[in-house]
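The values are calculated or read from the model by the stated rules, or taken from the named source; none is laboratory data. Since the model is a prediction, treat every value here as computed from it, not as a measurement. Every residue, glycine among them, receives a Cβ derived from its backbone with ideal geometry; neighbour counts consider all protein chains shown.
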Amino acid sequence: MALEKYKDILHRCYKCQYCRTTGPNLFYNGCPSYTKFRFETFTGGGRMWTARGVYEEEFGFDDDIVDILFACQTCGNCSTQCIYPIKDSILRIIEATRAEAVKAGIRLPGRQRDFGVHMGKEHNPYLEPHSKRWDWLPKDIILPEKSEMVYFVGCTSAYRQKVLAQDTVAVFDSLGLDFTIMRDEWCCTSPLLRTGQWETDYVSASKIAQHNIEEAKKVGACRIVTTCSGCFRTWKKDYLEEYDWLLNSKHDFEVLHTTQLLENMIKNGEIELKNEVKMKVTYHDPCHLGRHMWVYDSPRNILKAIPGIELVEMPRTRENAWCCGSGGGVKSGYGEWSVETAYERVKEAEKLGVEAIVSACPFCWRNLDDAIKQHNSKLQMYDVIQLVRKSMGI
(Lines give C-alpha, C1' and ligand atoms only; values in the text may rest on other atoms or scores of the structure.)
Protein backbone atom coordinates (compact mmCIF):
# COMPACT_ATOMS: atom_id res chain seq x y z
CA MET A 1 0.00 0.00 0.00
CA ALA A 2 1.43 3.38 -1.06
CA LEU A 3 0.36 4.99 2.22
CA GLU A 4 2.02 2.35 4.40
CA LYS A 5 5.26 4.30 4.76
CA TYR A 6 3.34 7.30 6.12
CA LYS A 7 1.06 5.45 8.55
CA ASP A 8 2.77 6.86 11.64
CA ILE A 9 2.27 10.51 10.67
CA LEU A 10 -1.13 10.56 8.97
CA HIS A 11 -2.76 11.79 12.20
CA ARG A 12 -0.25 14.55 12.92
CA CYS A 13 -2.07 17.50 11.38
CA TYR A 14 -3.14 19.81 14.21
CA LYS A 15 -5.71 21.74 12.13
CA CYS A 16 -4.01 25.09 12.71
CA GLN A 17 -5.07 26.09 9.16
CA TYR A 18 -1.80 27.86 8.33
CA CYS A 19 -1.77 25.79 5.13
CA ARG A 20 -4.58 27.78 3.56
CA THR A 21 -2.92 31.19 3.97
CA THR A 22 0.60 32.51 3.36
CA GLY A 23 3.11 34.13 5.61
CA PRO A 24 1.55 32.72 7.86
CA ASN A 25 -1.52 34.94 7.65
CA LEU A 26 0.27 37.50 5.48
CA PHE A 27 -2.28 36.87 2.72
CA TYR A 28 -5.57 35.10 3.34
CA ASN A 29 -5.60 33.28 0.00
CA GLY A 30 -2.59 30.99 -0.37
CA CYS A 31 -4.07 27.59 -1.24
CA PRO A 32 -5.83 27.66 -4.64
CA SER A 33 -8.14 24.73 -3.88
CA TYR A 34 -9.27 26.10 -0.52
CA THR A 35 -9.79 29.51 -2.14
CA LYS A 36 -12.05 27.83 -4.70
CA PHE A 37 -13.99 25.29 -2.62
CA ARG A 38 -13.92 26.83 0.88
CA PHE A 39 -13.96 23.56 2.80
CA GLU A 40 -11.14 22.49 5.11
CA THR A 41 -10.95 19.14 3.37
CA PHE A 42 -9.49 21.03 0.38
CA THR A 43 -6.42 22.16 2.35
CA GLY A 44 -3.19 20.26 2.87
CA GLY A 45 -4.28 19.36 6.39
CA GLY A 46 -7.70 18.25 5.22
CA ARG A 47 -6.12 15.95 2.68
CA MET A 48 -3.91 14.50 5.43
CA TRP A 49 -7.04 13.51 7.35
CA THR A 50 -8.59 12.18 4.16
CA ALA A 51 -5.50 10.03 3.60
CA ARG A 52 -5.82 8.68 7.13
CA GLY A 53 -9.45 7.75 6.46
CA VAL A 54 -8.43 5.93 3.29
CA TYR A 55 -5.58 4.11 5.03
CA GLU A 56 -7.77 3.01 7.94
CA GLU A 57 -10.53 2.00 5.49
CA GLU A 58 -13.09 4.33 7.05
CA PHE A 59 -14.31 5.21 3.55
CA GLY A 60 -13.55 4.54 -0.09
CA PHE A 61 -13.17 6.67 -3.19
CA ASP A 62 -16.51 8.22 -4.10
CA ASP A 63 -16.71 11.26 -6.39
CA ASP A 64 -16.36 13.73 -3.52
CA ILE A 65 -13.21 12.06 -2.20
CA VAL A 66 -11.74 11.96 -5.71
CA ASP A 67 -12.26 15.72 -6.07
CA ILE A 68 -10.72 16.38 -2.65
CA LEU A 69 -7.63 14.42 -3.68
CA PHE A 70 -7.23 15.50 -7.29
CA ALA A 71 -8.49 19.10 -7.30
CA CYS A 72 -5.11 20.21 -5.99
CA GLN A 73 -2.19 21.66 -7.93
CA THR A 74 0.30 20.22 -5.39
CA CYS A 75 1.75 23.73 -5.47
CA GLY A 76 3.42 23.29 -2.09
CA ASN A 77 1.93 26.28 -0.30
CA CYS A 78 0.69 23.94 2.44
CA SER A 79 4.09 22.35 3.03
CA THR A 80 5.79 25.76 2.96
CA GLN A 81 3.44 27.36 5.49
CA CYS A 82 3.11 24.33 7.80
CA ILE A 83 4.98 24.82 11.11
CA TYR A 84 5.10 21.14 12.11
CA PRO A 85 7.61 18.36 11.25
CA ILE A 86 5.11 16.71 8.91
CA LYS A 87 5.45 19.59 6.42
CA ASP A 88 7.89 17.79 4.13
CA SER A 89 5.56 14.79 3.82
CA ILE A 90 2.27 16.53 2.97
CA LEU A 91 2.62 16.47 -0.83
CA ARG A 92 4.00 12.93 -0.84
CA ILE A 93 1.00 11.79 1.21
CA ILE A 94 -1.41 13.47 -1.21
CA GLU A 95 0.27 11.80 -4.17
CA ALA A 96 0.40 8.44 -2.40
CA THR A 97 -3.33 8.66 -1.69
CA ARG A 98 -3.90 9.41 -5.36
CA ALA A 99 -1.90 6.28 -6.18
CA GLU A 100 -4.19 4.29 -3.88
CA ALA A 101 -7.18 5.73 -5.74
CA VAL A 102 -5.73 4.76 -9.12
CA LYS A 103 -4.98 1.27 -7.81
CA ALA A 104 -8.60 1.01 -6.63
CA GLY A 105 -9.75 1.67 -10.20
CA ILE A 106 -11.34 5.09 -9.77
CA ARG A 107 -12.22 7.18 -12.79
CA LEU A 108 -9.57 9.87 -13.02
CA PRO A 109 -10.75 13.46 -13.56
CA GLY A 110 -10.87 14.88 -17.07
CA ARG A 111 -8.20 13.56 -19.40
CA GLN A 112 -5.74 12.36 -16.79
CA ARG A 113 -6.12 8.68 -17.63
CA ASP A 114 -5.99 9.51 -21.35
CA PHE A 115 -2.56 11.09 -21.00
CA GLY A 116 -1.40 8.19 -18.81
CA VAL A 117 -2.39 5.65 -21.46
CA HIS A 118 -0.77 7.75 -24.18
CA MET A 119 2.45 8.05 -22.20
CA GLY A 120 2.65 4.28 -22.16
CA LYS A 121 2.53 4.25 -25.96
CA GLU A 122 3.93 7.56 -27.24
CA HIS A 123 5.87 8.81 -24.19
CA ASN A 124 4.18 12.21 -23.81
CA PRO A 125 1.02 13.47 -22.08
CA TYR A 126 -0.19 15.64 -24.98
CA LEU A 127 -1.65 12.80 -27.08
CA GLU A 128 0.92 13.57 -29.79
CA PRO A 129 2.98 11.08 -31.85
CA HIS A 130 6.44 10.42 -30.44
CA SER A 131 7.76 10.71 -34.01
CA LYS A 132 6.99 14.46 -33.94
CA ARG A 133 8.88 15.23 -30.73
CA TRP A 134 11.67 17.03 -32.58
CA ASP A 135 9.61 18.86 -35.21
CA TRP A 136 10.39 22.15 -33.43
CA LEU A 137 14.17 21.82 -33.89
CA PRO A 138 15.48 24.39 -36.43
CA LYS A 139 17.19 22.75 -39.38
CA ASP A 140 20.22 25.04 -39.07
CA ILE A 141 20.97 23.74 -35.56
CA ILE A 142 23.27 20.74 -35.91
CA LEU A 143 23.79 18.89 -32.65
CA PRO A 144 26.46 16.28 -31.95
CA GLU A 145 25.57 12.68 -31.24
CA LYS A 146 27.34 12.87 -27.88
CA SER A 147 28.07 15.58 -25.35
CA GLU A 148 28.64 15.97 -21.64
CA MET A 149 25.72 18.41 -21.49
CA VAL A 150 22.19 17.34 -22.41
CA TYR A 151 19.36 19.80 -22.95
CA PHE A 152 16.31 17.88 -21.69
CA VAL A 153 13.56 19.62 -23.62
CA GLY A 154 10.46 18.22 -21.91
CA CYS A 155 7.04 17.58 -23.41
CA THR A 156 5.49 21.04 -23.03
CA SER A 157 8.30 22.78 -24.92
CA ALA A 158 8.52 19.99 -27.49
CA TYR A 159 4.81 19.86 -28.32
CA ARG A 160 3.16 23.11 -27.14
CA GLN A 161 5.44 26.05 -26.27
CA LYS A 162 7.88 25.21 -29.06
CA VAL A 163 9.25 28.74 -29.21
CA LEU A 164 10.82 28.23 -25.78
CA ALA A 165 12.75 25.18 -26.99
CA GLN A 166 13.79 27.07 -30.12
CA ASP A 167 14.95 30.08 -28.10
CA THR A 168 16.89 27.84 -25.73
CA VAL A 169 18.87 26.05 -28.42
CA ALA A 170 19.44 29.36 -30.23
CA VAL A 171 20.92 30.89 -27.07
CA PHE A 172 23.02 27.81 -26.30
CA ASP A 173 24.26 27.63 -29.89
CA SER A 174 25.14 31.33 -29.97
CA LEU A 175 27.10 30.95 -26.74
CA GLY A 176 29.12 28.14 -28.29
CA LEU A 177 28.01 25.60 -25.70
CA ASP A 178 28.81 21.96 -26.42
CA PHE A 179 25.43 20.30 -25.87
CA THR A 180 23.07 17.80 -27.38
CA ILE A 181 19.59 16.35 -26.94
CA MET A 182 18.59 12.75 -26.30
CA ARG A 183 17.23 11.48 -29.62
CA ASP A 184 14.81 9.17 -27.81
CA GLU A 185 13.79 11.49 -24.96
CA TRP A 186 10.62 10.44 -23.12
CA CYS A 187 8.47 12.38 -20.66
CA CYS A 188 10.25 12.92 -17.35
CA THR A 189 7.35 11.10 -15.51
CA SER A 190 6.20 14.15 -13.53
CA PRO A 191 2.58 13.94 -14.79
CA LEU A 192 2.41 10.30 -13.67
CA LEU A 193 3.95 10.91 -10.26
CA ARG A 194 1.70 13.88 -9.58
CA THR A 195 -1.53 12.04 -10.54
CA GLY A 196 -0.86 8.69 -8.86
CA GLN A 197 -0.40 6.78 -12.11
CA TRP A 198 2.77 5.15 -10.88
CA GLU A 199 2.64 1.54 -12.02
CA THR A 200 -0.48 0.46 -13.90
CA ASP A 201 -1.41 -2.00 -16.60
CA TYR A 202 -1.05 0.78 -19.19
CA VAL A 203 2.03 2.76 -18.09
CA SER A 204 5.09 2.33 -15.88
CA ALA A 205 6.75 5.41 -14.39
CA SER A 206 9.84 3.42 -13.42
CA LYS A 207 10.31 2.12 -16.97
CA ILE A 208 10.14 5.66 -18.35
CA ALA A 209 12.55 7.10 -15.78
CA GLN A 210 15.07 4.31 -16.31
CA HIS A 211 14.83 4.78 -20.08
CA ASN A 212 15.70 8.47 -19.78
CA ILE A 213 18.66 7.78 -17.53
CA GLU A 214 20.01 5.15 -19.93
CA GLU A 215 19.55 7.51 -22.90
CA ALA A 216 21.46 10.23 -21.07
CA LYS A 217 24.29 7.80 -20.36
CA LYS A 218 24.38 6.75 -24.03
CA VAL A 219 25.18 10.29 -25.16
CA GLY A 220 27.88 10.68 -22.51
CA ALA A 221 26.00 13.15 -20.33
CA CYS A 222 27.43 14.53 -17.12
CA ARG A 223 25.01 17.44 -16.86
CA ILE A 224 21.25 17.69 -17.52
CA VAL A 225 19.87 21.18 -18.22
CA THR A 226 16.15 21.82 -18.59
CA THR A 227 13.91 24.84 -19.16
CA CYS A 228 10.91 23.14 -17.56
CA SER A 229 10.55 23.52 -13.80
CA GLY A 230 8.63 20.26 -13.57
CA CYS A 231 11.34 18.33 -15.41
CA PHE A 232 13.97 20.02 -13.23
CA ARG A 233 12.24 18.94 -10.04
CA THR A 234 11.73 15.41 -11.36
CA TRP A 235 15.33 14.83 -12.46
CA LYS A 236 16.88 16.46 -9.39
CA LYS A 237 14.45 15.55 -6.60
CA ASP A 238 12.11 12.73 -7.63
CA TYR A 239 14.68 10.56 -9.39
CA LEU A 240 17.22 10.94 -6.58
CA GLU A 241 15.22 11.36 -3.39
CA GLU A 242 11.45 11.30 -3.15
CA TYR A 243 10.67 8.54 -5.66
CA ASP A 244 13.95 6.68 -6.12
CA TRP A 245 12.40 3.79 -4.15
CA LEU A 246 9.64 3.56 -6.78
CA LEU A 247 11.54 4.46 -9.94
CA ASN A 248 14.92 2.85 -9.22
CA SER A 249 16.30 6.02 -10.76
CA LYS A 250 19.52 6.94 -8.99
CA HIS A 251 21.99 8.79 -11.22
CA ASP A 252 25.17 10.87 -10.99
CA PHE A 253 24.23 13.72 -13.34
CA GLU A 254 24.47 17.35 -12.33
CA VAL A 255 20.97 18.77 -12.87
CA LEU A 256 20.51 22.48 -13.57
CA HIS A 257 17.60 24.67 -14.53
CA THR A 258 18.38 26.88 -17.51
CA THR A 259 18.27 29.99 -15.33
CA GLN A 260 20.95 28.57 -13.02
CA LEU A 261 23.25 27.88 -15.97
CA LEU A 262 22.71 31.31 -17.53
CA GLU A 263 23.06 33.15 -14.23
CA ASN A 264 26.48 31.57 -13.68
CA MET A 265 27.57 32.47 -17.21
CA ILE A 266 26.44 36.08 -16.74
CA LYS A 267 28.38 36.33 -13.48
CA ASN A 268 31.47 34.97 -15.23
CA GLY A 269 31.16 37.45 -18.10
CA GLU A 270 30.41 34.73 -20.65
CA ILE A 271 27.17 36.28 -21.91
CA GLU A 272 26.96 39.71 -23.51
CA LEU A 273 23.53 41.21 -22.90
CA LYS A 274 24.06 44.12 -25.26
CA ASN A 275 20.59 45.11 -26.43
CA GLU A 276 18.23 47.14 -24.27
CA VAL A 277 14.88 45.47 -23.65
CA LYS A 278 12.85 48.41 -22.40
CA MET A 279 10.03 46.77 -20.50
CA LYS A 280 8.40 46.89 -17.07
CA VAL A 281 7.81 43.31 -15.95
CA THR A 282 6.90 41.18 -12.97
CA TYR A 283 8.22 37.70 -12.28
CA HIS A 284 6.01 34.70 -11.49
CA ASP A 285 7.69 31.98 -9.40
CA PRO A 286 6.90 28.50 -10.78
CA CYS A 287 5.96 26.22 -7.88
CA HIS A 288 8.26 23.40 -8.99
CA LEU A 289 11.21 25.79 -9.31
CA GLY A 290 10.48 27.92 -6.25
CA ARG A 291 8.69 26.24 -3.36
CA HIS A 292 9.71 22.74 -4.42
CA MET A 293 13.37 23.47 -5.22
CA TRP A 294 14.09 26.89 -3.65
CA VAL A 295 15.39 28.50 -6.84
CA TYR A 296 14.26 32.10 -6.48
CA ASP A 297 17.24 34.31 -7.23
CA SER A 298 18.61 32.94 -10.51
CA PRO A 299 15.70 34.10 -12.72
CA ARG A 300 15.56 37.47 -10.98
CA ASN A 301 19.30 38.04 -11.28
CA ILE A 302 19.11 37.36 -15.01
CA LEU A 303 16.26 39.84 -15.44
CA LYS A 304 18.16 42.47 -13.45
CA ALA A 305 21.18 41.97 -15.73
CA ILE A 306 19.19 42.70 -18.90
CA PRO A 307 19.50 46.40 -19.87
CA GLY A 308 16.15 48.20 -19.86
CA ILE A 309 14.23 45.65 -17.78
CA GLU A 310 12.41 47.11 -14.78
CA LEU A 311 11.42 44.30 -12.41
CA VAL A 312 8.48 44.90 -10.08
CA GLU A 313 7.51 42.22 -7.58
CA MET A 314 3.93 41.05 -7.00
CA PRO A 315 2.62 41.11 -3.40
CA ARG A 316 2.58 37.30 -3.29
CA THR A 317 6.07 36.34 -4.31
CA ARG A 318 8.85 33.80 -3.77
CA GLU A 319 7.71 31.19 -1.20
CA ASN A 320 4.37 33.01 -0.88
CA ALA A 321 3.71 33.09 -4.63
CA TRP A 322 0.26 32.27 -5.98
CA CYS A 323 0.26 29.15 -8.17
CA CYS A 324 -0.29 29.44 -11.95
CA GLY A 325 -3.04 26.85 -11.53
CA SER A 326 -1.94 24.12 -13.92
CA GLY A 327 0.17 21.69 -11.88
CA GLY A 328 -0.69 18.41 -10.18
CA GLY A 329 -2.80 17.25 -13.13
CA VAL A 330 -5.28 20.11 -12.68
CA LYS A 331 -4.80 21.48 -16.22
CA SER A 332 -6.00 18.17 -17.68
CA GLY A 333 -8.42 17.28 -14.89
CA TYR A 334 -10.09 20.61 -14.10
CA GLY A 335 -9.29 22.82 -17.07
CA GLU A 336 -11.65 25.73 -16.43
CA TRP A 337 -10.61 26.07 -12.81
CA SER A 338 -6.97 25.86 -13.86
CA VAL A 339 -7.34 28.98 -16.02
CA GLU A 340 -9.49 30.64 -13.35
CA THR A 341 -6.59 30.22 -10.92
CA ALA A 342 -4.16 31.66 -13.48
CA TYR A 343 -6.42 34.68 -13.95
CA GLU A 344 -6.09 35.42 -10.23
CA ARG A 345 -2.36 35.80 -10.90
CA VAL A 346 -2.94 37.89 -14.02
CA LYS A 347 -5.10 40.33 -12.06
CA GLU A 348 -2.39 40.60 -9.42
CA ALA A 349 0.12 41.52 -12.14
CA GLU A 350 -2.22 43.99 -13.83
CA LYS A 351 -2.48 46.04 -10.64
CA LEU A 352 1.26 46.73 -10.83
CA GLY A 353 0.99 48.51 -14.17
CA VAL A 354 3.52 46.19 -15.81
CA GLU A 355 3.65 45.26 -19.46
CA ALA A 356 4.44 41.57 -19.05
CA ILE A 357 4.59 38.57 -16.76
CA VAL A 358 7.85 36.65 -16.96
CA SER A 359 8.26 33.09 -15.73
CA ALA A 360 10.75 30.24 -16.00
CA CYS A 361 8.53 27.28 -16.84
CA PRO A 362 6.72 26.44 -20.11
CA PHE A 363 3.75 25.01 -18.19
CA CYS A 364 3.29 28.25 -16.22
CA TRP A 365 3.82 30.18 -19.46
CA ARG A 366 1.08 28.20 -21.15
CA ASN A 367 -1.58 28.52 -18.45
CA LEU A 368 -0.94 32.18 -17.66
CA ASP A 369 -1.04 32.95 -21.39
CA ASP A 370 -4.35 31.08 -21.66
CA ALA A 371 -5.77 33.30 -18.90
CA ILE A 372 -4.38 36.45 -20.53
CA LYS A 373 -6.03 35.59 -23.84
CA GLN A 374 -9.35 34.35 -22.44
CA HIS A 375 -9.79 37.53 -20.39
CA ASN A 376 -8.46 39.92 -23.06
CA SER A 377 -5.71 41.21 -20.81
CA LYS A 378 -3.17 43.61 -22.31
CA LEU A 379 -0.33 41.80 -20.57
CA GLN A 380 2.28 39.89 -22.53
CA MET A 381 3.76 36.56 -21.44
CA TYR A 382 7.47 35.80 -21.59
CA ASP A 383 9.90 33.19 -20.38
CA VAL A 384 13.27 34.36 -19.05
CA ILE A 385 15.03 32.66 -21.99
CA GLN A 386 13.06 34.77 -24.48
CA LEU A 387 14.24 38.03 -22.93
CA VAL A 388 17.82 36.74 -22.80
CA ARG A 389 17.65 36.03 -26.52
CA LYS A 390 16.24 39.51 -27.21
CA SER A 391 19.06 41.14 -25.27
CA MET A 392 21.71 39.01 -26.98
CA GLY A 393 20.32 40.12 -30.34
CA ILE A 394 20.09 36.68 -31.91
Inset, instruction - Among the candidates K218, K236, single out the residue that is at pLDDT 95 or above, touching a strand residue (DSSP E or B) at 6+ places or on another chain (Cβ under 7 Å) and not hydroxyl-bearing (S, T, Y). - result: K236
Legend entry - Selected residue [modelled with pLDDT under 95 and on the phi < 0 side of the Ramachandran plot] from I309, I394, I385: I394
Inset, instruction - Read through the list (1) surrounded by 16 or more Cβ atoms within 10 Å (Cβ to Cβ); (2) among the basic types (K, R); (3) closer than 24 Å to N264 by Cβ, then give the number of the only condition that K162 fails. - result: (3)
Inset, instruction - Could you tell me which of the residues G53, G30, G45 is closer than 15 Å to A2 by Cα, out of contact with any Pro (no Cβ under 8 Å at 6 or more places or on another chain) and in the same structural domain as R92 (by TED's automatic domain parsing)? - result: G53
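Of these, A356, A360, which one is in contact with a helix residue (DSSP H, G or I) (Cβ under 6 Å, 6 or more places away or on another chain), small (G, A, S) and within 22 Å of R160 (Cα to Cα)?
Working: A356 fails: in contact with a helix residue (DSSP H, G or I) (Cβ under 6 Å, 6 or more places away or on another chain).
When all the criteria are applied, what remains is A360.
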Inset, instruction - Could you tell me whether P85 is over 19 Å from H288 (Cα atoms), surrounded by fewer than 24 Cβ atoms within 10 Å (Cβ to Cβ) and outside the structural domain of P32 (by TED's automatic domain parsing)? - result: no
Inset, instruction - Can you confirm whether segment 172-179 contains a residue that is without any contact (Cβ under 8 Å) to a residue 40 or more places away in the chain, in a helix (DSSP H, G or I) and within 30 Å of A101 (Cα to Cα)? - result: no
Legend entry - Residue pairs meeting the criteria (Cβ under 9 Å; at least 6 apart or on separate chains; first on the phi > 0 side of the Ramachandran plot, in segment 323-350; second of a type in the set (S, T, N, Q) and not in a loop (DSSP other than H, G, I, E, B)): G325/S338; G325/T341; G325/N367; G328/T195; G329/Q112; G329/T195
Inset, instruction - Determine which member of the set D140, D114, D135 is assigned to a helix (DSSP H, G or I) and either over 14 Å from D184 (Cα atoms) or over 20 Å from the mean Cα position of the chain (by Cα) (or both). - result: D114
Inset, instruction - Within segment 98-108, identify whether any single residue is in contact with a Pro (Cβ under 9 Å, 6 or more places away or on another chain), crowded, with 18+ Cβ neighbours inside 10 Å and on the phi < 0 side of the Ramachandran plot, and answer yes or no. - result: no
Legend entry - Residue that is crowded, with 17+ Cβ neighbours inside 10 Å and within 25 Å of V66 (Cβ to Cβ), where the choices are E199, E215, E242: E242
Inset, instruction - Being touching a residue at least 40 places away in the same chain (Cβ under 8 Å), within 27 Å of Q380 (Cβ to Cβ) and surrounded by fewer than 22 Cβ atoms within 10 Å (Cβ to Cβ) is the filter here, so list the residues in segment 270-294 that pass it. - result: I271, E272, L273, K274, N275, E276, V277, M279, K280, M293
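Residues are listed down the side, and each one gets a yes or a no for (1) in a loop (DSSP other than H, G, I, E, B); (2) out of contact with any Leu (no Cβ under 8 Å at 6 or more places or on another chain):
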position	(1), (2)
T168	no, yes
E185	yes, yes
A209	no, no
A221	yes, yes
R233	no, no
L240	no, yes
Legend entry - Hits in segment 11-20 - residues which are over 28 Å from W322 (Cβ atoms) and in contact with a Phe, Trp or Tyr (Cβ under 7 Å, 6 or more places away or on another chain): none
Legend entry - Criterion (closer than 20 Å to Q81 by Cα and either crowded, with 18+ Cβ neighbours inside 10 Å or out of contact with any Lys or Arg (no Cβ under 6 Å at 6 or more places or on another chain) (or both)) met by exactly one of R316, R300: R316
Inset, instruction - Could you run through segment 52-88 and say how many residues are part of a loop (DSSP other than H, G, I, E, B) and among the basic types (K, R)? - result: 0
Inset, instruction - Identify the residue in segment 14-51 that is at pLDDT 90 or above and assigned to a loop (DSSP other than H, G, I, E, B) and, among all such residues, is surrounded by the fewest Cβ atoms within 10 Å (Cβ to Cβ). - result: R38
Inset, instruction - Could you check L108 against (1) closer than 20 Å to Y334 by Cα; (2) out of contact with any helix residue (DSSP H, G or I) (no Cβ under 8 Å at 6 or more places or on another chain); (3) in a loop (DSSP other than H, G, I, E, B) and say which number it fails? - result: (2)
Inset, instruction - Those residues that are farther than 17 Å from A104 by Cα and touching a residue at least 24 places away in the same chain (Cβ under 8 Å), I need them from segment 195-216; list them, please. - result: A205, S206, I208, A209, Q210, H211, N212, I213, E215, A216
Inset, instruction - Please go through segment 254-269 and pick out each residue that is surrounded by 15 or more Cβ atoms within 10 Å (Cβ to Cβ), of a type outside the set (D, E) and without any contact (Cβ under 8 Å) to a residue 40 or more places away in the chain. - result: V255, L256, Q260, L261, I266
